[in-house]
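Colleague: The structure under discussion is supplied below as structure tokens; questions concerning it will follow.
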Amino acid sequence: MSVVGAIGDWDERVRVFRSDDLDTFAVVTERFVVLVDTQMTLQNCQTILETLRPELATRGLLVVNSHQHDDHVWGNAALPNGTPIIALEASLSVAYDPRFQLSLEHKQREDSRFADVRIVPPNLTFTERFVICGGDLTLELLPAPGHSADQLVVWIPEIRTLLATDAAEHPLPYASETRDLEKLRSTLRMLQTLEPAVVLPCHGATSDAELLARNLAYFDELERRVNAGEMWSFEEVLRWMNLEPEKIAGFYRDFHKLNQQAMGAL
Ligand SMILES: [Zn+2]
């Protein structure tokens, strides 16, 4: 895992921790260090805590779970007991769902990196809006449903920075449940009204604020083609986006297929 933060083209109080195709964040405010997601393994989360040790010496630790997908929250198990873990209330039904535990056990049989993971659910939940007053920076936690029902984003107004988590993705986002596609599109439109200067998603290694518009344009074009009865292959999508296929993770092909199904093009 590498530390990208403090050298990116965004405010140095926002640190980015990158492993494989995943970025998670820490926002260092006057009062708190706020981790936004904990990565997928204890080791990665421990590395983040170790990296931030100087900052944590004089600040409280708060953790935000953007949503209960394994790559974002399995590192929770590395947190000191009693660490506040903030999430939307809808996260609890996922975290306590026996299927989440079963998926962990399945991964543990395949990969020893997950041997010491256990599911640690959020312990502070909200439904409308949660505000962390860090002193110099304010973190507004906002529901952003669509990718998942329990998805939240973090908006930092002082620096016009949006931690979009999985509500936006490069090259394209997707709805885990096909019925939620329209929620995902309206979330993207809502996020645009914030007029962010920097947008940091968890997948795609970008900070470009135009990401929201690009994601929306993709869905608009998909809808147009579906309504016209045209198939839109993944290769054509990448050409339309001016992207080189070898730079895009293969699973986006499946996400595009999911979006097509959700839009009614079975
Ligand atoms: Zn996700």
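FYI, it's all coordinate maths here, none of it is from the lab. Fair warning: this is a prediction, and the values are worked out from it, not measured in the lab. We place every Cβ from the backbone using ideal geometry, glycine too, and count neighbours over all the protein chains shown.
Colleague: Sort LEU194, LEU124 so the one with the fewest other Cβ atoms within 10 Å of its own Cβ comes first.
Modeller: LEU124, LEU194
Colleague: Write down the Å³ per residue value for the convex hull defined by the alpha carbon atoms of the range 74-162.
Modeller: Working: hull volume 11.3 nm³, N = 89.
It is 126 Å³ per residue.
Colleague: Return the lysines within reach of LYS183: Cα separation strictly under 21 angstrom, same-chain partners fewer than 8 residues apart disregarded; answer none if there are no such residues.
Modeller: LYS257
Colleague: Something else about it: In what order do SER233, SER207, SER176 fall by count of nearby beta-carbon atoms within 10 Å, going from fewest to most?
Modeller: In increasing order of surrounding Cβ atoms, one gets SER233, SER176, SER207.
Colleague: As a test of the definition: which semi-axes, in Å, follow for the chain when you take the square root of five times each eigenvalue of its alpha carbon gyration tensor? Largest first, please.
Modeller: Details: eigenvalues 176, 91, 61 Å².
Semi-axes, largest first: 30, 21, 17 Å.
Colleague: Ranking request for peptides 142-149, 115-122, 80-87: highest mean number of other beta-carbon atoms within 10 Å first, then the rest in descending order.
Modeller: Those peptides, ordered most packed to least, come out 142-149, 115-122, 80-87.
Colleague: Now for a different question. Round to the nearest 10 and give me the degree value, 0 to 90, for the angle of helix 98-110's Cα axis relative to the longest principal axis of the chain.
Modeller: 90 degrees
Colleague: What is the fewest-to-most order of CYS133, CYS202 by other Cβ atoms lying within 10 Å of their Cβ?
Modeller: By the 10 Å Cβ count, ascending, the order reads CYS133, CYS202.
Colleague: Mind checking the angle between helix 42-51 and the chain's longest principal axis? C-alpha axes, 0 to 90 degrees, to the nearest 10.
Modeller: Taking Cα atoms only, the helix is inclined about 60 degrees.
Colleague: Once both axes come from the Cα atoms, what is the angle between helix 211-227 and the longest principal axis of the chain, in degrees from 0 to 90, rounded to 10?
Modeller: So the helix axis and the longest Cα principal axis differ by about 30 degrees.
Colleague: Another question about this same structure. Relative contact order of the chain: what whole-number percent is it, with Cα pairs under 8 angstrom and at least 6 residues apart?
Modeller: 13 percent
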